[in-house]
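Note sheet for the following structure.
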């Protein structure tokens, strides 16, 4: 989508600033009774009007006579909001600027289920607060709902990287709390969901989106989600930090997993951050570059990889008999 | 410090580009046999030479005739490295741009000890790879050392937010592996360390630094570390996500804790990301704005806060009798 960011900003924050759709500040505009925070880049203003560190936070430091000039909202704005007239929860920040210019900043949270070591991710467009959650866990739905509610997010989709065998997914519980939310899983998984996605499909949340890549091997229906600016990839159980998902149950296939990782994930930029579905040593993330270099399994050739995977001799997953049937219905128990 | 970034880049990466200390690209420079990746901003070049998304990753897309122009290394460079001539581990990426212009990007990792729910943080200057670790855990030293080694980091300091009671700190084990590393703790803690710091002290790792703030209350010697651009604060047990450290043992004092959080932490920008020493629900981070709004204890007035803290009736910490004496010597057992 081609987001008209400045217009969004006006609608959302009721800024007293007058600027047109291109981000021009009208002559004579003054900060008056306006409180801004975040980082700003002002283009075309006399240098002496720009604070040394370019950061304004809180009214006391907003001593910038705006005057006439271009207000560049794609490069430097982390969060540009007027705190007055906003619902309280709306100024909760913690945003990440998009690597690609023109996209709204991202609200991003990584959450861990300490029981199954499953990572859940919340992503939101910082301007509209439209949000998605990736791989929610049923027993943690209350925690996730609290964060979503407090941050004033509008939860649109619960995405599942695959039919998990170690925990029941939280989509069903979250939908009970957020009725507008729809569950999403790959068509290839064969599971029931509100939305079935195919490789190349894009799941949009206002000005941001993730694109589906098929990464089968751990299961037939495994997919990864690549953030629009390719700064992050959510790899499920296909690629783990210095490891990968097992291939000895469900429709596991080590040859297929190797090809998925090498053609769909290792082709991303080296500095794309890898956010997996699990880590059993408490590591939060990795990068494509690191895994291409240091993954002890996936740096091997395909024959050696298949030998490694065939020789793991892992225990039968404790919760698989309850979890898989429930997850084929996105978290509904029979 | 006033970092000469361009010079560092030359020293580190042996780029074939010819540019002077101000980042000017000499006339006639061509990409030739050079491979770059990362995001770049080229200033002063004809527009038609700039790729639509401003992102170059991998040799196939480096079709930019550099020509003469200014190569702006403070705004847009995430990672500017020539992959040839580099030690293998040196191109491992995953950097965060500094909010304040002119600082090198940050390598940042959050790690969890699943046993004690303790977060450990690794921060490094992405250009020089000089690094610090905050609150390492002794039983996880091997995991941390593997990451530090694989990423080619030069570990300078192990910082402790306080004398922990729930785990033995990993500084001693890490120093055995990285002999140049020095342990750091607040002078007010009374603990032995290579470096004793006081409020306002800055711990530098090449072009980046953290500044010490005294945040007593959980213990007398508790401190928080604020990243140079104020984008992150490491709060130890003073401020937790929707909570705070207990005040009923060591030198715990709820009045002092309340004052620490309100004067030293809640005065940071709302979008400063809070990275605590623990979270028992698997939440990775929060923001100052959120905690000012939603912390169920610290949003109360001081009298009610003191009543809440006096009524917690928590169990005696399991490991305190072994951990505290060891941590008074930064992780050395008697």
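The values are calculated or read from the model by the stated rules, or taken from the named source; none is laboratory data. All figures in this text were calculated on a predicted structure; none of them were measured in a lab. All Cβ positions, glycine included, derive from the backbone under ideal geometry; neighbour counts span all protein chains shown.
Per-structure values
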item	result
Flag if residue B:276 is at pLDDT below 90, in the same structural domain as residue B:231 (by TED's automatic domain parsing) and either out of contact with any strand residue (DSSP E or B) (no Cβ under 9 Å at 6 or more places or on another chain) or within 25 Å of residue A:115 (Cβ to Cβ) (or both)	no
Residue satisfying all of: in segment B:80-107; at pLDDT below 80 and in a strand (DSSP E or B); nearest to the other protein chains (Cβ to nearest Cβ) among these	B:95
Filter result for residue B:228 (within 21 Å of residue B:202 (Cα to Cα), assigned by TED's automatic domain parsing to the domain that holds residue B:113, surrounded by fewer than 23 Cβ atoms within 10 Å (Cβ to Cβ) and under 27 Å from the mean Cα position of the chain (by Cα))	yes
Where residue B:188 falls short, out of the listed (1) away from chain A (no Cβ under 14 Å); (2) touching a strand residue (DSSP E or B) at 6+ places or on another chain (Cβ under 6 Å); (3) assigned to a helix (DSSP H, G or I)	(2)
Some residue of segment B:252-259 being surrounded by fewer than 24 Cβ atoms within 10 Å (Cβ to Cβ) and assigned to a strand (DSSP E or B)	no
Qualifying residues in segment B:152-172 (those that are surrounded by fewer than 23 Cβ atoms within 10 Å (Cβ to Cβ) and more than 21 Å from residue B:235 (Cα to Cα)) - the one modelled with the lowest pLDDT	B:152
Lone unmet requirement of (1) within 25 Å of residue B:228 (Cβ to Cβ); (2) in contact with a helix residue (DSSP H, G or I) (Cβ under 8 Å, 6 or more places away or on another chain); (3) modelled with pLDDT of 80 or more; (4) at the interface with another protein chain (Cβ under 10 Å from one of its Cβ atoms) for residue B:136	(4)
Number of the condition not met by residue A:115 [criteria: (1) in contact (Cβ under 8 Å) with a residue 60 or more places away in the chain; (2) under 15 Å from residue A:323 (Cβ atoms); (3) in contact with a helix residue (DSSP H, G or I) (Cβ under 9 Å, 6 or more places away or on another chain)]	(1)
Test: residue in segment B:278-296 that is free of Cβ contacts under 8 Å to residues at least 24 places away in the same chain, within 14 Å of another protein chain (Cβ to nearest Cβ), within 16 Å of the chain's Cα centre (by Cα) and outside any loop (DSSP other than H, G, I, E, B)	yes
Residue match in segment A:308-323 (condition: over 20 Å from residue A:231 (Cβ atoms), away from every other protein chain (no Cβ under 11 Å) and surrounded by 20 or more Cβ atoms within 10 Å (Cβ to Cβ))	yes
Residue in segment A:67-79 that is buried (at least 21 other Cβ atoms within 10 Å of the Cβ), assigned to a strand (DSSP E or B) and at pLDDT below 85 present	yes
Residue in segment B:264-277 that is more than 12 Å from chain A (Cβ to nearest Cβ), within 27 Å of the chain's Cα centre (by Cα) and in a helix (DSSP H, G or I) present	yes
Qualifying residues in segment A:297-307 (those that are without any contact (Cβ under 8 Å) to a residue 12 or more places away in the chain and surrounded by 13 or more Cβ atoms within 10 Å (Cβ to Cβ)) - the one farthest from the chain's Cα centre (by Cα)	A:300
